[in-house]
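Enquirer: Have a look at this one before I ask anything.
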Amino acid sequence: MNHTAAEFERAFGRPPEGVWRAPGRINLIGEHTDYNDGFALPIALDHALSVAAARRGDGAVRVRSRQEPGEIEVAVDELEPGAVSGWGAYPAGAVWALLRRGHRIGGLDLLVDSTIPTGAGLSSSAALTCATVLAATQLYDADTDRISVARAAQHAESEFVGMPCGILDQSAVMLAERGHALFVDTRSLRTEQVPLDPAEHGLALLTIDTRAPHTLVGGEYAERRNRCERAARHLGVAALRDVAPERLPDTLDALDDVTTRRRVRHVVTENERVTRTVELLRAGKLRDVGPLLTASHTSLRDDYEVSVAEVDTAVDAALAAGALGARITGGGFGGCVIALVDEDRVDTCADAVREAYHRNGFTPPETFTATPSDGARRVLLPADSR
Ligand code: GAF
């Protein structure tokens, strides 16, 4: 029997009506571009989170987790931002967002089970909101497509949890496919599957969880987002995506504030790096993507200022050990680094990072190689749950 279903039955005394699985993600390139209507190129991981669920007739939402203590219980008609805090805010917010978007959702029992490291910037929160939205809509026969699920999950995170995120993470969780990176135009939500099989090129995507504390609900993310929106207004464009790369020097001259200039330069050049990366992947030139990853990191470190010492140490050590390119992935201020590495140098690179951490007195990092995997789906139907 499925572990999550078994745990659901232990917790709630009946089998679930289904189990939904949603992956974590890393972003290959295109960071802090999504809330500027720009481009991103994430992949889904094989680390995933499962939600076992069944309807309740009394309008209560009860949530338990195999990894977190306690139970959250809240009535569907009492859901409002602030009503639930901590990790339970994500599934509660998912139900709230569906109600706000006009869906008729009733009570639910939910059991969450995850192999996605939390606080590592691998989008465990988007996986949780997306899996809950999928479970709730499928159980209550709400009519939704995968993009609407991603939008509802983003709505939950930004309005209920209070993290003003873009739609990168939810798009990756819902739309990624095995063996591909997902090109996302975050303005139109047009997506394209771009073939990506590092092993075919004798390469690997070494992922280093820096284990530096990473909290995005804090003010830094919102400050970056607000500054970009103010800059777009000042420049008379709908979003920074509309600044043409060839007009970047003039655009920067039109901005008085040196910090704003740097932020704008990051966003405009990062969009170009995404486009260039997609072209290289389409041409089968994965090795040539390395320098773009490193350029992205430099821009995030110096212009966007979202890096920290643990992250820079991992990037520098990986590059010194022969990585073709390396960068911070996700929102920043900790989280994970990805490095494009020859398959036969993965261990050397990981060891080099561990040694550098040891020398600097940092908490030892965790490492794994990322395999482009499938987006969220239902994995267990009612008949399978016994
Ligand atoms: C976080 C956010 F949730 C995303 O929307 C995105 O902005 C990312 O940081 C930075 O690219 O993961």
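Enquirer: Restricting to segment 118-151, name every residue that is surrounded by fewer than 23 Cβ atoms within 10 Å (Cβ to Cβ) and either among the basic types (Lys, Arg) or in contact with a Ser or Thr (Cβ under 7 Å, 6 or more places away or on another chain) (or both).
Expert: Thr118, Thr137, Thr144, Arg146, Arg151
Enquirer: List the strands (runs of 3 or more DSSP E) that sit entirely inside segment 155-219 and contain at least 1 residues that are over 27 Å from Glu310 (Cβ atoms), touching a strand residue (DSSP E or B) at 6+ places or on another chain (Cβ under 8 Å) and at pLDDT 95 or above.
Expert: Strands (runs of 3 or more DSSP E) meeting the threshold: 180-185, 190-195.
Enquirer: Suppose we keep only residues that are touching a residue at least 60 places away in the same chain (Cβ under 8 Å) and part of a loop (DSSP other than H, G, I, E, B) within segment 38-67. Which one would you say is farthest from Ala376 (Cα to Cα)?
Expert: Ranking the candidates gives Gly38 first.
Enquirer: In segment 256-269, is there at least one residue being exposed (fewer than 15 other Cβ atoms within 10 Å of the Cβ) and touching a helix residue (DSSP H, G or I) at 6+ places or on another chain (Cβ under 7 Å)?
Expert: No, that holds for no residue.
Enquirer: Which numbered condition trips up Glu223, out of (1) in contact with a strand residue (DSSP E or B) (Cβ under 7 Å, 6 or more places away or on another chain); (2) not assigned by TED's automatic domain parsing to the domain that holds Asn36?
Expert: So Glu223 meets the others, but not (1).
Enquirer: If you don't mind, another one. Is at least one residue of segment 240-255 out of contact with any Ser or Thr (no Cβ under 9 Å at 6 or more places or on another chain), of a type outside the set (Val, Ile, Thr) and buried (at least 20 other Cβ atoms within 10 Å of the Cβ)?
Expert: no
Enquirer: Out of segment 95-117, which residues are within 16 Å of the chain's Cα centre (by Cα) and either within 14 Å of the ligand (Cβ to nearest atom) or surrounded by 24 or more Cβ atoms within 10 Å (Cβ to Cβ) (or both)?
Expert: Ile116
Enquirer: Out of everything in segment 83-122 that is out of contact with any helix residue (DSSP H, G or I) (no Cβ under 8 Å at 6 or more places or on another chain) and in a helix (DSSP H, G or I), what residue ends up being modelled with the highest pLDDT? Lay out the reasoning, then the answer.
Expert: Taking segment 83-122 first, the residues out of contact with any helix residue (DSSP H, G or I) (no Cβ under 8 Å at 6 or more places or on another chain) are 85-86, 88, 102, 104, 115, 119-122.
Retained after the next criterion (residues that are in a helix (DSSP H, G or I)): 86, 88.
Working: Gly86: 91, Gly88: 95.
Per the stated criteria, the residue is Gly88.
Enquirer: Any residue that is of a type in the set (Val, Ile, Thr) and either touching a His at 6+ places or on another chain (Cβ under 8 Å) or in the same structural domain as Leu122 (by TED's automatic domain parsing) (or both) - is there at least one of those in segment 206-213? Full working, then the answer.
Expert: So in segment 206-213, the residues of a type in the set (Val, Ile, Thr) come out as 207-208, 210.
Checking which are either touching a His at 6+ places or on another chain (Cβ under 8 Å) or in the same structural domain as Leu122 (by TED's automatic domain parsing) (or both) leaves us with none.
No, because not a single residue in segment 206-213 is of a type in the set (Val, Ile, Thr) and either touching a His at 6+ places or on another chain (Cβ under 8 Å) or in the same structural domain as Leu122 (by TED's automatic domain parsing) (or both).
Enquirer: Quick one: in segment 21-41, which of the residues that are in contact with a strand residue (DSSP E or B) (Cβ under 9 Å, 6 or more places away or on another chain) and near the ligand (Cβ under 9 Å from one of its atoms) is nearest to Thr118 (Cα to Cα)?
Expert: At the first step, the residues of segment 21-41 found to be in contact with a strand residue (DSSP E or B) (Cβ under 9 Å, 6 or more places away or on another chain) are 21-31, 33-34, 37-41.
Pick out the ones that are also near the ligand (Cβ under 9 Å from one of its atoms) and you get 25, 27, 30-31, 33-34, 40.
Details: Arg25: 12, Asn27: 16, Gly30: 22, Glu31: 20, Thr33: 23, Asp34: 22, Ala40: 22 Å.
Among those that are in contact with a strand residue (DSSP E or B) (Cβ under 9 Å, 6 or more places away or on another chain) and near the ligand (Cβ under 9 Å from one of its atoms), it is Arg25.
Enquirer: Just give me the residues in segment 135-190 being within 14 Å of the ligand (Cβ to nearest atom) and on the phi > 0 side of the Ramachandran plot, in sequence order.
Expert: Once the filter is applied, which keeps residues that are within 14 Å of the ligand (Cβ to nearest atom) and on the phi > 0 side of the Ramachandran plot, segment 135-190 yields Gly162, Leu189.
The values are calculated or read from the model by the stated rules, or taken from the named source; none is laboratory data. Because the structure is predicted, anything quoted here is derived from the model rather than measured. Reconstructed Cβ throughout: ideal geometry from the backbone, glycine too, with neighbour counts over all protein chains shown.
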